[in-house]
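Peer 1: Could you have a look at this structure, given as structure tokens, before my questions?
None of the figures in this text is laboratory data; all of them are computed from the coordinates on show. Keep in mind that this is a model prediction, so the values were computed, not measured. All Cβ positions, even for glycine, are placed from backbone atoms using ideal geometry, and neighbour counts span all protein chains on display.
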Amino acid sequence: MIDALRRASAAKINVVMPYYGYARQDRKARSREPITAKLIANLLEMDKIDRLITIDLHAAQVQGFFDIPVDHLQATQLFAKYVEKRDLDNDIVVVSPDHAGVSLARRFAEKIKAPIAIIDNRNDEVRERSSQEVPEYVIGDVKDKVAIIVDDIVDTGIRMSLSAKALQKFGAKKIYGVATHAVLSGDAPQVLEDSPLEEMWVTDTIELPTEKEFNKLHRLSVADLLKEAIIRVHNHQSIHELFEH
């Protein structure tokens, strides 16, 4: 599509990519692995796009793969407003499923004015997606609290499910899952449905087929966020306010 537009003499080409493909392949975790997130950046720039608008990159530094403007929108405020609307118990704690996700959890916690906790997941990154071991430790107080596990991507659902089981073991009274991008590969819907989660909140950055839907799933729309970003970019206005409201 980009190539067709460029060959049709489009003055500018701005790409809106709610879910950045291969975002997790942003570095070499093992020898001879590709850095595919960089490859996608190269392909887009090679096709001479002027700007990229995306939501919740797996690692913010992926923006550095580009030499063009990247508008990195965040769904944090969207989920924060949903929490306020749901009028959950005031005793909320925001939980990161591992140490790497602490910054995302802290950002969300600041929005809803809640403390944070961390699942002490000691599986290495290569193993953790398939490991079935429930983490043994939770850093922070979750006993008798409403726990909200925050992640950017829910893929196999295993980590989210194991985190919920760990929180249940440490006395959390209700557990909710939050993830911007619902990849839901394989039997992830069943894994999440069978987990201790009350509900799983995601956005619609990825189109889900009917067979991937399950009872605990609740989807929030990013349409208004993208609409406002597109209008501001087109009118040469700052998008900074989108991170505050």
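Peer 1: Of everything in the stretch 2-21 that's in contact (Cβ under 8 Å) with a residue 40 or more places away in the chain and not in a helix (DSSP H, G or I), which residue is surrounded by the most Cβ atoms within 10 Å (Cβ to Cβ)?
Peer 2: TYR20
Peer 1: Any residue in the stretch 205-228 that's closer than 17 Å to LEU192 by Cβ: show its pairings with residues that are of a type in the set (Asp, Glu) and in a helix (DSSP H, G or I) at Cβ separation under 9 Å, as long as the two are six or more apart or on different chains.
Peer 2: Correct list of pairs: PHE214/GLU193; ASN215/GLU193; LYS216/GLU193; LEU217/GLU193.
Peer 1: Determine whether VAL191 is closer than 22 Å to TYR22 by Cα and in contact with a Gly (Cβ under 9 Å, 6 or more places away or on another chain).
Peer 2: Working: closer than 22 Å to TYR22 by Cα: no; in contact with a Gly (Cβ under 9 Å, 6 or more places away or on another chain): yes.
When the stated conditions are applied, VAL191 does not pass them.
Peer 1: Give the stretch 85-110 a look and list any residue that's surrounded by fewer than 18 Cβ atoms within 10 Å (Cβ to Cβ) and in contact with a helix residue (DSSP H, G or I) (Cβ under 7 Å, 6 or more places away or on another chain), or say none. Quick ask: steps written out before the conclusion?
Peer 2: Within the stretch 85-110, the first condition is being surrounded by fewer than 18 Cβ atoms within 10 Å (Cβ to Cβ), and the residues that meet it are 85-91, 99-100, 102-103, 106-107, 110.
The one that is surrounded by fewer than 18 Cβ atoms within 10 Å (Cβ to Cβ) and in contact with a helix residue (DSSP H, G or I) (Cβ under 7 Å, 6 or more places away or on another chain): ARG107.
Peer 1: Of a type outside the set (Phe, Trp, Tyr) and in contact (Cβ under 8 Å) with a residue 60 or more places away in the chain - does that describe any residue in the stretch 189-200? Can you show your working first?
Peer 2: Of the residues in the stretch 189-200, the ones of a type outside the set (Phe, Trp, Tyr) are 189-200.
Within this subset, residues satisfying the condition of being in contact (Cβ under 8 Å) with a residue 60 or more places away in the chain are none.
No, the stretch 189-200 contains no residue that is of a type outside the set (Phe, Trp, Tyr) and in contact (Cβ under 8 Å) with a residue 60 or more places away in the chain.
Peer 1: Moving on to the next point. Within the group ALA4, ALA80, which residue is small (Gly, Ala, Ser) and within 18 Å of THR180 (Cα to Cα)?
Peer 2: ALA80
Peer 1: Against the definition (touching a residue at least 40 places away in the same chain (Cβ under 8 Å), on the phi < 0 side of the Ramachandran plot and of a type in the set (S, T, N, Q)), how does ASN90 come out, yes or no? Spell out the reasoning first.
Peer 2: Details: touching a residue at least 40 places away in the same chain (Cβ under 8 Å): no; on the phi < 0 side of the Ramachandran plot: yes; of a type in the set (S, T, N, Q): yes.
So ASN90 fails the test.
Peer 1: Restricting attention to the stretch 145-161, does a residue exist that is of a type outside the set (Val, Ile, Thr) and farther than 23 Å from PHE214 by Cα?
Peer 2: Initially, the stretch 145-161 is screened for residues of a type outside the set (Val, Ile, Thr), giving 145, 147, 151-152, 155, 157, 159-161.
Narrowing further to those that are farther than 23 Å from PHE214 by Cα: 145.
Yes; the residues of the stretch 145-161 include at least one that is of a type outside the set (Val, Ile, Thr) and farther than 23 Å from PHE214 by Cα.
Peer 1: Counting residues that are more than 30 Å from ASP3 (Cα to Cα) and within 19 Å of the chain's Cα centre (by Cα), which strands (runs of 3 or more DSSP E) fully inside the stretch 22-130 reach at least 1? Show your work before the answer.
Peer 2: Details: elements: 51-55, 70-73, 92-96, 116-119.
Correct list: 92-96, 116-119.
Peer 1: What number of residues within the stretch 48-64 are at positive phi and surrounded by fewer than 19 Cβ atoms within 10 Å (Cβ to Cβ)?
Peer 2: As a first pass, look at the stretch 48-64 and keep what is at positive phi: 48, 56.
Checking the rest, the ones that are also surrounded by fewer than 19 Cβ atoms within 10 Å (Cβ to Cβ) come to 48.
The total comes to 1.
Peer 1: Quick check: anything in the stretch 22-45 touching a Pro at 6+ places or on another chain (Cβ under 6 Å), surrounded by 12 or more Cβ atoms within 10 Å (Cβ to Cβ) and of a type in the set (A, V, I, L, M)?
Peer 2: The answer is no, given that none of the residues of the stretch 22-45 is touching a Pro at 6+ places or on another chain (Cβ under 6 Å), surrounded by 12 or more Cβ atoms within 10 Å (Cβ to Cβ) and of a type in the set (A, V, I, L, M).
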